[in-house]
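Remarks on the structure that follows.
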């Protein structure tokens, strides 16, 4: 069944978006087309404006978004605008085209435009429960882990639900290096998997993480262990974490936090979700895991 649509085209507004300094300084006109998909039968049957999207208000909201904080890419602006369209919960999907008719290029052209289409589920996914693994073996390890928990909790779309006891472990692989403090954090988030990854990487960078040596020492490591029941195998994100089931420094604090925790283990006989405590019991020859009851990571209020 073809969805009903509301279309608004040619909304012109001045913005300061672009890579060049003069674009940020002087601004230029952008033109926006938007197509909203939603069920209009209720509005048609009742002749009631409150049961549909007010396209005048939508046009004003899109213009305000163009006039907002500058970004470099049309792609980024288009993503902002499609979220404006999906702000109304009745809209199931939206397509936005952003035109840049005065783009600073030397060739003769008729139009420059970027089009994106997003569904409500893509932009506003239901919350997922996840587990993040934290580790640090350089600098003020205890303070870094505590600050990382606070930084994660302050990330938009991410809630820290619980923190595990802290353990101390010897390094696994890589060059000679100091022992680690490790913990896991239970989170709930509406972020997409890659947005969650970006939030974790941003927290790492905030604490000086550098990737120079594989499995080398680090000021902070924030790994996504699981995110709901998602199973992904991409070039930059694999879920569940491909080595978590063999890492005592992840499994031990996780079991301490939740003795009944389970995780998907692709390829395991029988498939499905394995009890984390069973995975921990199967490990052999892993450097010892020592509880650090003197260190407590608080869940931010």
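For the reader, a short list of remarks on this structure follows.
- Most mobile listed residue (27, 56, 15) in the chain, GNM with C-alpha springs under 10 Å: 56
- Among 193, 264, 156, the largest mean-square fluctuation in a Gaussian network model of the chain, built with springs joining Cα atoms closer than 10 Å, belongs to 156.
- Anisotropy class of the stretch 5-123 from Cα gyration tensor, a/c 1.5 cut: prolate
- Euclidean distance between Cα centres, the stretch 145-213 to the stretch 69-127, Å: 31
- When Rg and Dmax are taken over the Cα atoms of the chain, they come to 24.2, 73 Å.
- Segments 63-76, 88-101 sorted - mean Cβ within 10 Å per residue, highest first: 88-101, 63-76
- The relative contact order of the chain comes to 15 percent, based on Cα pairs under 8 Å that sit 6 or more residues apart.
- The chain - mean residue ellipticity at 222 nm from DSSP helices (-39,500 (n - 2.57) per run, n ≥ 4, rounded to 500): -8000 deg cm²/dmol
- Taking 0.36 nm per residue of separation and subtracting the Cα-Cα distance, full extension of the segment from residue 4 to residue 246 would add 82.1 nm.
- Inter-label distance for residue 124 and residue 278, nm, one decimal - labels placed 7 Å from Cα along Cα-to-Cβ: 4.0
- Percentage relative contact order, the stretch 128-291, counting C-alpha pairs under 8 Å, at least six apart: 28
- In terms of other Cβ atoms within 10 Å, 132, 232, 138 run from fewest to most in the order 232, 138, 132.
- Shape category assigned to the stretch 128-291 from the gyration tensor of Cα positions, a/c cut at 1.5: rounded
- Packing-based exposure ordering (other Cβ within 10 Å, fewest first) of 164, 189, 61: 61, 164, 189
Readers should treat all values here as calculations from the given coordinates under stated rules, not as data from a laboratory. This structure is a prediction, so every number in the text was calculated from the model and none was measured. With ideal geometry, Cβ positions are generated from the backbone for all residues, glycine too; neighbour counts draw on all protein chains shown.
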